[in-house]
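Please treat every number below as a calculation from the coordinates, not as lab data. Predicted model, so just to flag it, every value in this text is computed and none were measured. All Cβ positions, even for glycine, are placed from backbone atoms using ideal geometry, and neighbour counts span all protein chains on display.
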Amino acid sequence: MHEQKIPLIRLAKRDSMEPWKVWCIRGSSFLAAILLGALIFLLMGNNPIAAYGTILSGSLGKKTAIRQTVKLAIPLLGTALAIAPCFKMRFWNIGAEGQITAGAMAASYFALFWYDKLPAPLLLLVMGVAGAAAGGLWALIPAFFKARWNTNETLFTLMMNYIIIGIVKWLQGGPWEGRPGSQMIPMFDSAAVLPKIFGVHCGWIIVLVMTVLMYIYMRHTKHGYEIAVIGESENTARYAGMNVGRIIMRTMFLSGGICGVVGFIVASGANGTLYDGVAAGVGFTAITVAWLAQLNPFAMIGISGLLAVLEKGADTLQTRMAVPASISDIITGIFLFCMLGCEFFINYRMIFRGKHKEVA
Amino acid sequence: MESFHAIELRHITKRFGKVVANDSIDLTLDRGEILSLLGENGSGKTTLMNMLAGIYFPDEGEILVGGKPVSIRSPKDAFDHGIGMIHQHFKLVNVFTAAENIALGLSGGGKLDRKAIAVKVQEISDRYGFGIDPNKKVYDMSVSEKQTVEIVKVLYRGADILILDEPTAVLTPQETDRLFGILRAMKADGKAIVIITHKLHEVMALSDKVAVLRKGKYIGTVKTSETNPQALTDMMVGRSVTLNIDRPMPVDPTPRLEIQGLTCLDAEGVKKLDNVSFTAMGGEILGIAGIAGSGQRELLESIAGLYPVASGSIHYTPVGADKAVELVGKPPMEIKKAGVAMAFVPEDRLGMGLVGGMGMTGNMMLRSWRKGKGVFVNRKDPNALALEVKERLEVVTPSVDFPVRRLSGGNVQKVLVGREIASSPTVLMSAYAVRGLDINTSYTIYNLMTEQKMKGVAVIYVGEDLDVLLELCDRILVLCGGQVSGIVDARTVTKEEVGLLMTRVGGGKEDVPHA
């Protein structure tokens, strides 16, 4: 053999892998993330064990901490559920941010101007429906252009975000402004605030129910089947007699609608008011959640929970151990990098020079 | 032993995951020799050749070029050893001339000496009788000319070992003869040539030696002069196979589909079908011949309601009815329900008609997903159908839920054709149903078509292999540039006559030269 000329590392696509091996790789990548994070803490001059302890106790140690964490996880999970059908269809909806904002805005209208005209339960219902409709319609615009003229949905949905956020900014400083000059919309009346169950606003029940429904929708309904076929091949869908444009619009309406409900939950449950940062980047983080969960709704519960723990924990860390604010982003980044990176080792194997054994 | 072999492979093994694509293969190739590499689909022919071309790297074994062990890590390494491969799909830049395409990607400083290249290209072209114009743009070229450019490109880079992967799949009989002439000239010039093909008569006509692979294993090499198609098939399949297509006379053919003056335009307004008229009969196989891209796809799609019709009519007479219905303007779903089925196998096999990521069950659902009330899909019936198709057509798959993308080409096509037949159509259209399939599977498909014909189905069969069209069909419609250039009786027409019709609209009898 001519060892010197054989490449050092070669990559080969894997055929398939036993599930336990896949989980071993995922587990070790998680471990790698913890170790890398520990290294960062060491460099910052902190005790890594104490730091991780603070993250855990800060996010899960006390009842109030758990409530805070759940509150962070709710919009993440809801939005990940919303974009799952779009991504399954290979329609890159990165406008969840805007759809959330649109939903929050519509719900806020009723919260601000109808709170004394309707009984509380009905008011909340109207707010939810209005949020869903507004989010759905906001998402329908790029979908319509895609279906009609095949415009690029990635750019289109992204730019729609800035428009709606701009509109809310204008409302904030203009027609809906509370105390003149405050640049703020007043807090909602208590009738327009989601009731609490186990100390957290009942949005968590709504998203858990949606998780189950989304799973059934994607797996067992005709709509779910259509979405899966279009995602694989539009030509095949056309061949099977599917109206691709209509399905794209319908799916985007649904996706935007769920985002709108998330917007309603955040405005009514978590914030009690509306402001331009209502989506708070959730629309983008949810993309990561959806991909990491491989579009499986139940896996999204775990992933969004994990991200919420990291975020809340790092927050506590910042106040208690006086580490810079950016540490939270760094730690989250390391975890995402390792978890996404491990998919590479699941899909490919590496062959080292001289050896003919596969290395997992 | 004489001098060194041009190429010698020793115990070459290549695995993809658990699949052993090549299992310890030995092979030799000499200069001044044409070797046919024969094998069923998935037998590892292309994998083996890709290792010579530097696309894959063997897991075990060694490659000797001119007696010296070499390691080929990239297509560039392959060229450095004088090995060039002509792939099935051309890799040319449309807006460049032949000479520019040939010079593309060559090293040699930033300056491009177009004149020198053109001179050298002309020189190669004259030596082997290619007859190409170095300054012609690729978009002006026919398929055969493009292929010639690919060959010249390889020769220009100094290759003296040529590998051609199914080069005749896209050529007319006349063009194939020309290609063979060129290959023989190159052989006389001392080049070593490997040709991968499925067509046995080509193997017999062209090659000196035939190497046979079966399921990744090397079966043996025989001299062409000492073998025959039947013996080669037996080697390939591993058991005796009958190579005859049974062609019973049509029983009581009745008009099923009457097409009058069908004209279709593409998005740019170019005529893809030009005043096409014919009648497809129930109980008969109507073959459609033509060079790739002559309007076959548009014809089938317009009948199925998937391609817009500019003018003309498609009258369909359902079984038992005496009044015809107009199909033009009807949505695809309705046409399908009326009993018109289409199994179109595109170049990539999966692009249309199948969903690669789904299993057989999911793909069977493509026909039935809308059935039943309510919002939920019915998975039970498609599952039963998948099991039935799997059984009847001997589809090799670990389970009916295994993604069809990961099945071999032949099995993918069985799923597609099996599904369309299972819907018990009255008109069955199939395009390239045996594209790239091995002999054994192809004959299974031919028999299925004949079976349908005997059931009274109007079968429309778009094919690439003229020999098969002549053996299988009752009548053959020849398309040329979107026009019907002739409808002939498959039992009496000759291959050469069909070949001429393929290239010339209205090519009358007087133009047909000696057979």
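Descriptive notes on the structure:
- Derived scalar couplings between HN and Hα for segment B:438-455 equal 6, 4, 4, 5, 4, 5, 4, 5, 4, 5, 5, 5, 5, 4, 5, 4, 5, 7 Hz in order, rounded to whole Hz, by the Karplus curve 6.51 cos²θ - 1.76 cosθ + 1.60 (θ = phi - 60°), x for Gly and Pro.
- Cα gyration tensor shape of chain A, rounded if a/c is under 1.5, else prolate or oblate by comparing a/b with b/c: oblate
- Antiparallel bridges, percent of DSSP beta bridges restricted to the protein assembly as shown (to nearest 5): 55
- Under 5 Å from the amide H of residue B:214 lie the amide H atoms of B:219, each residue being 5 or more positions distant or on a separate chain, with H modelled from the backbone and absent for Pro and chain starts.
- Most mobile of A:258, A:165, A:334 in a GNM of chain A (Cα contacts under 10 Å): A:334
- Rounded, prolate or oblate (a/c below 1.5 giving rounded, otherwise prolate when a/b exceeds b/c) for segment A:212-360 by Cα gyration tensor: oblate
- FRET efficiency, 1/(1 + (r/R0)^6) with R0 56 Å, evaluated for residue B:271 and residue B:4 via beta carbons: 0.50
- The Rg/Rh ratio of segment B:254-511, with Rg taken over Cα atoms and Rh as the Kirkwood radius over Cα pairs, comes to 0.97.
- Those aspartates and glutamates that a straight Cα-Cα span of less than 20 Å connects to residue A:71, excepting residues fewer than 8 apart in one chain: A:97, A:276, A:311, A:315, A:329
- Lysines with Cα under 16 Å of residue A:88, excluding same-chain neighbours fewer than 8 positions away: A:222
- Per residue, the average separation of C-alpha pairs within less than 8 Å and at least 6 apart gives chain B a relative contact order of 15 percent.
- Percent RCO, i.e. relative contact order, over chain A, from Cα pairs under 8 Å lying at least 6 residues apart: 35
- Label-reachable residues, segment A:261-292, where backbone N falls under 18 Å from a point 7 Å from residue A:347's Cα toward its Cβ: A:287-292
- The equivalent ellipsoid that matches the C-alpha gyration tensor of the protein assembly as shown spans semi-axes of 57, 37, 25 angstrom, in descending order.
- For the protein assembly as shown, the 222 nm mean residue ellipticity estimated from helices alone, with every DSSP H stretch of n ≥ 4 adding -39500 (n - 2.57) and the total spread over all residues, rounds to -15000 deg cm²/dmol.
- GNM on chain A, alpha-carbon springs under 10 angstrom: the most fluctuating residue among A:105, A:184, A:127 is A:184.
- Using alpha-carbon coordinates, inclination of helix B:143-156 to the longest axis of chain B, degrees: 20
- Long pairs among B:209/B:390; B:153/B:209; B:45/B:380; B:76/B:217, criterion Cα-Cα beyond 31 Å: B:209/B:390; B:45/B:380
- Within segment A:85-110, backbone nitrogen closer than 18 Å to the virtual label 7 Å beyond the Cα of residue A:159 toward Cβ: A:92-99
- Averaging 1/r over every pair of different alpha carbons in segment B:7-237 and inverting the result gives a Kirkwood radius of 18.2 Å.
- Only Cα pairs under 8 Å and 6+ residues apart enter the sum, and on that basis the relative contact order of segment A:99-256 stands at 30 percent.
- Distant-in-sequence amide H partners of residue B:284 (H built 1.01 Å from N, under 5 Å): B:459
- In segment B:7-237, the DSSP beta bridges split such that about 50 percent are antiparallel, to the nearest 5.
- Length released on extending from residue B:184 to residue B:20, taking residue separation times 0.36 nm less the Cα-Cα span: 55.6 nm
- For segment A:210-258, the pair-distance distribution built from all alpha carbon pairs, in bins 10 Å wide starting at 0, is 26, 56, 18, 1 percent.
- Selected from A:245, A:128, A:277 as most flexible by GNM, with chain A as the system and alpha-carbon contacts under 10 Å: A:277
- Extension gain, residue B:251 back to residue B:88 (0.36 nm per residue minus Cα-Cα distance, nm): 54.7 nm
- Segment A:139-277: radius of gyration over Cα atoms, expressed as a fraction of 2.2 N^0.38 Å: 1.33
- Of the trypsin sites (Lys or Arg not before Pro) found in segment B:7-36, those in coil by DSSP whose Cβ has at most 13 other Cβ atoms within 10 Å are B:18.
- Taking a straight line from the alpha carbon of residue B:455, these aspartates and glutamates sit under 13 Å away, with near neighbours fewer than eight places off in the same chain left out: B:252, B:284.
- For segment B:45-177, diffusion coefficient by Stokes-Einstein and Kirkwood Rh (Cα), 10 °C, 1.306 mPa s, µm²/s: 101
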